[in-house]
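Let me begin by presenting the structure, written as structure tokens, before commenting on it.
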Amino acid sequence: MALRLYNTITRKKEPFQPIDAGNVRMYVCGPTVYDFAHIGNARPVIVFDVLFRLLRHLCGADHVTYVRNITDVDDKINARAAQDYPDLPLNEAIRRVTEKTEKQFHHDVAALGCLPPTVEPRATEHIAAMREMIDDLIANGCAYVAEDHVLFDVAAMPDYGKLSGRSLDEMIAGARVEVAPYKRDPMDFVLWKPSKPGEPSWPSPAGIAAPGRPGWHIECSAMSWKHLGKTFDIHGGGIDLVFPHHENEIAQSRCAFHTPVMANYWLHNGFLQVEGEKMAKSLGNFVTIHELLQDWGGYKWPGEALRFNMLKTHYRQPLDWTYSSLDEAHGILWEWYGDLKGKDASAAGVPGHVLDALSDDLNTPKAIAAMHELHSAAKWPELRAALGLLGFSGDRDKMVRIPAIDFGDENNVRLTVRMVGSLSGTAQEAMIKDLIHSRMIARQAKKFDVADQIRDELAAMGIELKDAKDPKTGELVTTWEVAR
Ligand code: AMP
Ligand code: ZN
């Protein structure tokens, strides 16, 4: 069984050949720490945790180095710090924002069953490495200074655009490229920029007198270099990072080090979506990991349920977020863990078909299908081993059953509706739609008391459901509005 991975740069599934089997090296772009992570941000963390665990299983736990950075210098951080702590000096305010957010992030992803990476470098601790790379890029004729900025000269790299497969013209048309008067070409991107007084700043490279700060892309090139070397095995992140972030990382690293590649395998996860749209802070359609996992009066969604829900879909596919699929994932784990309780706890190896599925470009849906078979065949030690490899505890005592809709328990309906009250706009709408769906299922199951309870609890919160018949199909259609 050989590991095969889909490589964005060749657009093919390829056999995985590490540069050094004694030290397999993987870099994944980590969070910019200015706000709570949402469950879309959780997807790459979970996906690459599964790959990390698989590599450790295949190559030995001590033979894999996984680096995931913390971006703690960024304009979004500065803005948030000024907003949240207007009375503090900016640098002190920034420290508070980044420390708090980083702690929350660690807490959130641990609850999702993710191992800490081997190294978690911070951008602010690698400024010297960034300056060194920038000076090399200028010396190599790949970067230039203009108005106290340092810019990467895209024309100096003939195969710029290879990762995203776009031509220069397409990139200019497709990306919102910042046109600035000091750029030679609109595609040139910032390696270093001047800081305003009071903003975080460091001595600049290239003999620029004004203090400044790095651009985002150079941060990852410098941190991967320092912790994994000039060329390494795997680089990962969400699909939105292909262009421009990863394209620019490649340009910087290859041109600074004169190497033919930065990383051999480029892996990208698809989006977590809400009704067909990417979940994103800027769209306001997000649910934070924190709000999803918080305690709802003694009941919580277990992080494992969110993890399982993510892994039911292949990592490259888009994944539509619904509470009913989270509930379904929760229900499966609840059943499996209950059945595992008190059963044969002898150790077993991970079954071959589970490992084969994962080795085929992390085919987690196939692995989960194989686990359903293990469950049906009462192969408890094997099921436990497969769960363990995928990062699941197998321990029912760690879970509390609060399905969004447990038809047998009216308290659950009440709690679920209460959750609606505390969610933000789009998340709330999504959950109301889920509840309408549940009400329909309850009616089909002739559980009219449950159906009525859902309607009444929502009404008590000022959300009114309206039933109407579709004149063509005769089907019952339910809409909702906020009661006046
Ligand atoms: P950001 O904080 O936007 O830089 O994102 C951090 C990581 O989360 C990156 O790897 C993104 O590609 C990834 N990401 C952001 N939004 C989503 C989403 N809706 N679905 C999947 N991955 C996402
Ligand atoms: Zn990066």
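The values are calculated or read from the model by the stated rules, or taken from the named source; none is laboratory data. As the structure is a prediction and not an experimental result, all values here were calculated from the model. A quick note on method: Cβ atoms are made from the backbone with ideal geometry, for glycine too, and the neighbour counts reach across all protein chains shown. Just the protein is used for accessible areas: all its heavy atoms, side chains included, with ligands, DNA and RNA removed. Shrake-Rupley method; radii C 1.70, N 1.55, O 1.52, S 1.80 Å.
For the reader, a short list of remarks on this structure follows.
- M431 vs. criteria closer than 30 Å to A111 by Cβ, among the aliphatic types (A, V, I, L, M), modelled with pLDDT of 70 or more and open to solvent by less than 50 Å² (accessible area, probe 1.4 Å): yes
- Selection from the stretch 55-73 of residues that are away from ligand 1 (no atom under 16 Å from the Cβ), β-branched (V, I, T) and surrounded by fewer than 22 Cβ atoms within 10 Å (Cβ to Cβ): T65
- Inside the stretch 165-179, residues that are modelled with pLDDT under 70 and part of a loop (DSSP other than H, G, I, E, B) make up a count of 3.
- Residues of the stretch 305-338 classified as open to solvent by less than 20 Å² (accessible area, probe 1.4 Å), under 25 Å from V417 (Cβ atoms) and part of a loop (DSSP other than H, G, I, E, B), total: 1
- Conditions (1) closer than 22 Å to S195 by Cα; (2) open to solvent by 60 Å² or more (accessible area, probe 1.4 Å); number of the one not met by K162: (1)
- Qualifying positions in the stretch 46-102 - of a type in the set (A, V, I, L, M), assigned to a helix (DSSP H, G or I) and farther than 30 Å from T313 by Cα: I77, A79, A81, A82, L90, A93, I94, V97
- Among the residues of this structure, T313 counts as one that is touching a strand residue (DSSP E or B) at 6+ places or on another chain (Cβ under 9 Å) and polar (S, T, N, Q).
- Restricting attention to the stretch 7-41, the residues that are more than 24 Å from D62 (Cβ to Cβ) and away from ligand 1 (no atom under 16 Å from the Cβ) total 7.
- Among residues of the stretch 256-269 being open to solvent by 10 Å² or more (accessible area, probe 1.4 Å) and in a loop (DSSP other than H, G, I, E, B), the one that is farthest from ligand 1 (Cβ to nearest atom) is H258.
- Of the residues making up the stretch 234-242, not a single one is in a helix (DSSP H, G or I), closer than 22 Å to I134 by Cβ and away from ligand 2 (no atom under 13 Å from the Cβ).
- Looking across the stretch 270-304, the residues that are in a strand (DSSP E or B) and of a type outside the set (S, T, Y) come down to L272, Q273, V274, E277, K278.
- Any chance L5 is away from ligand 2 (no atom under 15 Å from the Cβ), under 20 Å from G391 (Cβ atoms) and part of a strand (DSSP E or B): yes
- Some residue of the stretch 470-480 being out of contact with any Phe, Trp or Tyr (no Cβ under 7 Å at 6 or more places or on another chain), within 24 Å of N285 (Cα to Cα) and either aromatic (F, W, Y) or surrounded by 19 or more Cβ atoms within 10 Å (Cβ to Cβ) (or both): yes
- Criterion (modelled with pLDDT of 90 or more and of a type outside the set (S, T, Y)) met by exactly one of R455, R484, R443: R455
- Qualifying residue in the stretch 106-115 (condition: assigned by TED's automatic domain parsing to the domain that holds V33, among the charged types (D, E, K, R), under 21 Å from K193 (Cβ atoms) and modelled with pLDDT of 95 or more): no
- Flag if K76 is without any contact (Cβ under 8 Å) to a residue 24 or more places away in the chain, within 29 Å of G303 (Cα to Cα) and either open to solvent by 30 Å² or more (accessible area, probe 1.4 Å) or in contact with a strand residue (DSSP E or B) (Cβ under 9 Å, 6 or more places away or on another chain) (or both): no
- A348 in contact with a helix residue (DSSP H, G or I) (Cβ under 7 Å, 6 or more places away or on another chain), assigned by TED's automatic domain parsing to the domain that holds G388, open to solvent by less than 30 Å² (accessible area, probe 1.4 Å) and not aromatic (F, W, Y): no
- Residue among D87, D108 that is open to solvent by less than 20 Å² (accessible area, probe 1.4 Å), farther than 20 Å from D361 by Cβ and among the acidic types (D, E): D108
- Filtered residues of the stretch 239-252 (kept if in contact (Cβ under 8 Å) with a residue 40 or more places away in the chain and open to solvent by less than 10 Å² (accessible area, probe 1.4 Å)): H245, H246, E247, N248, A251, Q252
- Residue tally, condition of a type in the set (K, R) and either part of a helix (DSSP H, G or I) or under 36 Å from the mean Cα position of the chain (by Cα) (or both), over the stretch 421-461: 4
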